[in-house]
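Here the structure is laid out as structure tokens; the discussion comes afterwards.
What follows draws every value from the coordinates through simple rules; no lab data is involved. Worth saying up front: this structure is predicted, and the values here are computed from it rather than measured. Positions of Cβ are backbone-derived with ideal geometry, glycine not excepted, and every protein chain shown enters the neighbour counts.
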Amino acid sequence: MATVKGGKVVLFGAGGPVGAAAIESLKDHYTLRVTDLRPMEEVAAAPPQNERAPIPAVLGAPHENRVVDITDYEQVRAACEGMDAAINVSVVRPHPVLAFHVNTVGAYNVAKACVECGIKRLIHTGPFHTSLGFNADYWNDFQVDDNIPLHPGDDLYALTKYLGGHITRVFAEREGLEVLTFVYTSFRPSAVLPEERGRGLHPFTTSWEDTGEAMRYGLQAPEMPSPYETFFICARLPHDKYRPDKAKQLLGWEARDTFAALYTRP
Amino acid sequence: MNITVIGADRPLGAALAAGLGPEFEVTAIGQTAAEGCRAVDILERDALDAALSGAGAVVFAAAFDAEADSEQELLDMAARGAYVALTAAVAAGSGRVVLISRLDLLRDYPERYAIDPQWNPIPRANAHELVPLLAELTGREIARKGEIEVCCLRLGAIGSETALDDALAALRTALTEARTGHHWWVKHVASRGRFAKEA
């Protein structure tokens, strides 16, 4: 059984806003090994990724903060030792070399280390690039659900994460590692500012706060129907463009923030 | 037709570059210099842009029999190498890329199955088996944009399963045949054994 209702969880790439939200949601339920390329104290002292993005808390004992370079297999493996589950929220977007090293090879390192260390559940993450400017990107489609194959085109970020996702799929199907891949597009804070009311929003939007809770549901969910499952982690919006129904069905999670104030006229 | 073979510092790429025949004007490049093969950093876009200038078509053979000092380097070579080759070929205006892959991606299906390119690849979870998958996925997804045609030739072990002459014949056809419709297609090239058509 891959369900992880308590115990130890390692986070990779936890210095970003999704990592910050995950830390906040998990810290009272699990003992966390929080890892990033930079020391977490340095991450916490730096400006946020954007004006309203969350900054990760620096946890004290019993939690642990550790510097881990996800491109270094030995460091990744050491970070997985003794853990019950792993979460990979690492990402590099624009760099032509590091994008491959972190998003693709890093995914390999994490999946391999999970198998070697006996970890049964990995939550992997990646983007759904909804508009890449070619006809196979689903931008003009509606009622798109979690099981569609992504079409990253030649977008560096999209493609490198896509390859990393396929690597984790192979480990899931071959090695008994259960992989839940959480897919995101547009993030924003839960709170809607007065000047934002009625201005609309991207049809695939998630609050950072909800991303953290989705991690907890992902760890605690019962065994999946297949070893590799992909989930849209977003609000169910009346546009009916993207349907995050599988997260509700298999994880019991649905977004609390549905942003009615953004898509209705004030 | 001007053809650039990427990965000609490895045995298969060298054999393909040498054997294509007089109707092709071949430029052979690889990560390291070898006989008849010029050293180009095939992981760097600027270097490859210069190398592919004027190429009417490109053969990406570097993922077939790649070697590296670590699993991580091997995966990077396959994924980044395919990405750089494909995007540089698009930028150079090359009409077509032939991507050389491996039948090993399908070897774990039961032998009684009549496997063709419509079967889903099932590599094992190790770097060597993931290499051709990463190269193929990169080629397929870039082809989906419609800016270049990519033909994937899956070969078996050269000599014992896929005769070199058959690989060369399939490559010549892939470089020259007229196509319409999809920009990505896959062919299996086996001379004998379970993947051969008459098997």
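Each 10 Å bin from 0 upward holds the following percent of the Cα-Cα pairs of the range B:1-102: 17, 55, 25, 2. Per-residue mean of foreign Cβ neighbours for B:120-129 is 4 (Cβ atoms of other chains, 10 Å radius).
Applying a 4.7 Å Cβ-Cβ cutoff to the protein assembly as shown, the cysteines left without a disulfide-compatible partner are A:C114, A:C234, B:C37, B:C151, B:C152.
Taken along the Cα-to-beta-carbon direction at a fixed 7 Å, the label points for B:A50 and A:E116 span 3.9 nm.
The Stokes-Einstein estimate for the range A:8-263, based on a Kirkwood radius over Cα pairs and taken at 10 °C with 1.306 mPa s viscosity, is a diffusion coefficient of 87 µm²/s.
Convex hull volume of the C-alpha atoms in the range A:62-198, normalised per residue: 159 Å³.
The relative contact order of the range B:2-189, computed from alpha carbon pairs under 8 Å that lie at least 6 residues apart in sequence, is 20 percent.
Bridging of A:K27 to lysines at a Cα separation below 17 Å is possible for A:K5, A:K8, once same-chain residues fewer than 8 apart are set aside. Looking at the calculated P(r) for the range A:4-115, what percent of the C-alpha pair distances fall above 22 Å? Beyond 22 Å sits 28 percent of the P(r) for the range A:4-115. Taking label points 7 Å from Cα along the Cα-to-Cβ direction, B:E25 and A:Q49 give a separation of 4.9 nm. Relative to the compact-globule estimate of 2.2 N^0.38 Å, the Cα radius of gyration of the range A:172-245 comes out at 1.32. Which residues does the label zone of B:L164 cover in the range B:94-116, counting backbone N under 15 Å from a point 7 Å along Cα→Cβ? No residue qualifies, since no backbone N sits under 15 Å from the label point. Here is the P(r) of the range B:2-189: all C-alpha pair distances, binned every 10 Å from 0, give 10, 41, 38, 10, 1 in whole percents.
Per-residue mean of foreign Cβ neighbours for B:172-179 is 0 (Cβ atoms of other chains, 10 Å radius). Centroid-to-centroid, using Cα positions, the range B:100-127 and the range A:140-183 are 20 Å apart. To test your reading of the geometry: what angle, between 0 and 90 degrees and rounded to tens, separates the Cα axis of helix A:208-220 from the longest principal axis of chain A? Once rounded, the angle reads 50 degrees.
Translational diffusion coefficient of the protein assembly as shown (Stokes-Einstein, Kirkwood radius from Cα pairs, 37 °C, 0.692 mPa s): 141 µm²/s. Here each label is just a point 7 Å from Cα along the line to Cβ, and for B:A33 and B:M1 those points are 3.1 nm apart. Counting only alpha carbon atoms, the long axis of helix A:106-116 and the longest principal axis of chain A meet at about 50°. Computed over chain A, relative contact order equals 20 percent, with contacts defined as Cα pairs under 8 Å that lie 6+ residues apart. Length gained on full extension, B:R124 to B:D41, computed as 0.36 nm times the residue gap minus the Cα-Cα distance: 27.0 nm.
Between the alpha-carbon centres of the range B:1-78 and the range A:205-266 there is a gap of 45 Å. Taking Cα atoms only, the orientation of helix B:127-143 departs from the longest principal axis of chain B by about 60 degrees.
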